[in-house]
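The next block holds one structure in the form of structure tokens; read it before the comments.
The values are calculated or read from the model by the stated rules, or taken from the named source; none is laboratory data. All of these numbers come straight from a predicted model, not from anything done at the bench. Neighbour counts run over all protein chains shown; Cβ positions are idealised from the backbone, glycine included.
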Amino acid sequence: MRLVDSHVHLDDRKFDADREAVIERALAAGVERMMAIGTGGGPPDLEIAIRQAERYPFIAATIGVHPHDASKATPETFARLRELAAHPKVLAIGEIGLDYHYDFSPRDVQRSVFRTQLEIAAGSGKPVVIHTRESWPDTMALVGQALPPANPFRAGILHCFTGDPQQAREALALGFHLAFGGVLTFPNAQAVREAARITPDDRLLLETDCPYLAPLPHRGQRNEPAFVVEVARRLAEVRGCTLDEIAAHTTRNFEQLCLRRGPGNG
Ligand SMILES: [Zn+2]
Ligand SMILES: [Zn+2]
């Protein structure tokens, strides 16, 4: 079984004591690729995931300014993101978006920084990784304006998708893949499971968002990439298919979206 964890924060200090062991467990569990999210502590450091990706062949990177850090972005930040977008191990721009739950940066600043990064992504031809929390209408409006509509299935990833079926349909219509994580396993997440059930095979992705949001039976613990198997297992139950089928679909989808492998090219 080959799995991809499309969203990891292995730079988090919660992994400082045993990062190598965490990575070994992931590989042993069948996680053959991880995408390290490069938002870290925010600008001026934009390369935290690139540094990891350069150390390990199975780790890919993203770059971006998280909405929490939007107020730290400067014109130099965007210039540097444009340069780094061409790095061969940078597969996506993210996580970018809006977070109206924490409001760590003012909303107008969040929107402006999000819009600029959507333009950088469109210019780079690489997909986006979207973070949206309590900001669904504004997020959809901004991506709808910024992303080229002639790019079906290549828009990017709605990470940690926790919406309902209606929101899933809306995001799918804009060309997004939906990445499901630990929340899918939580008892009260019936609407998320319904959204996962109606998502087409070719738009599904898996993620952990580790160290956050560990799936059952690890809920409340530090999350790690090996636990993506639990998400895949639950997704298979929800969709009435096998774990192997989920692994095959989600790994192929990641490769087509982020590695630009066309259908039939493996
Ligand atoms: Zn996020
Ligand atoms: Zn994240």
Please tell me if Asp45 is among the charged types (D, E, K, R), part of a loop (DSSP other than H, G, I, E, B) and free of Cβ contacts under 8 Å to residues at least 60 places away in the same chain. yes
Tell me which residues, restricted to region 235-247, are touching a residue at least 60 places away in the same chain (Cβ under 8 Å), surrounded by fewer than 21 Cβ atoms within 10 Å (Cβ to Cβ) and of a type in the set (A, V, I, L, M, F, W, C). Leu243
Kindly indicate whether any position in region 143-152 is within 16 Å of ligand 1 (Cβ to nearest atom) and either closer than 23 Å to Thr62 by Cα or out of contact with any Ser or Thr (no Cβ under 7 Å at 6 or more places or on another chain) (or both). yes
May I ask you to list the residues in region 97-117 that are within 16 Å of ligand 1 (Cβ to nearest atom) and either out of contact with any helix residue (DSSP H, G or I) (no Cβ under 9 Å at 6 or more places or on another chain) or in a helix (DSSP H, G or I) (or both)? His101, Gln110, Val113, Phe114, Gln117
Would it be correct to say that Ala214 is at pLDDT below 95 and crowded, with 16+ Cβ neighbours inside 10 Å? no
Of a type in the set (A, V, I, L, M), within 16 Å of ligand 2 (Cβ to nearest atom) and within 25 Å of His9 (Cα to Cα): is that true of Ala171 in this structure? no
Counting only residues that are of a type in the set (D, E, K, R) and in a helix (DSSP H, G or I), which one in region 78-93 is surrounded by the fewest Cβ atoms within 10 Å (Cβ to Cβ)? Glu83
For region 198-216, which residues satisfy the criterion of being away from ligand 2 (no atom under 16 Å from the Cβ) and more than 13 Å from Arg233 (Cα to Cα)? Ile198, Thr199, Pro200, Asp201, Asp202, Arg203, Leu204
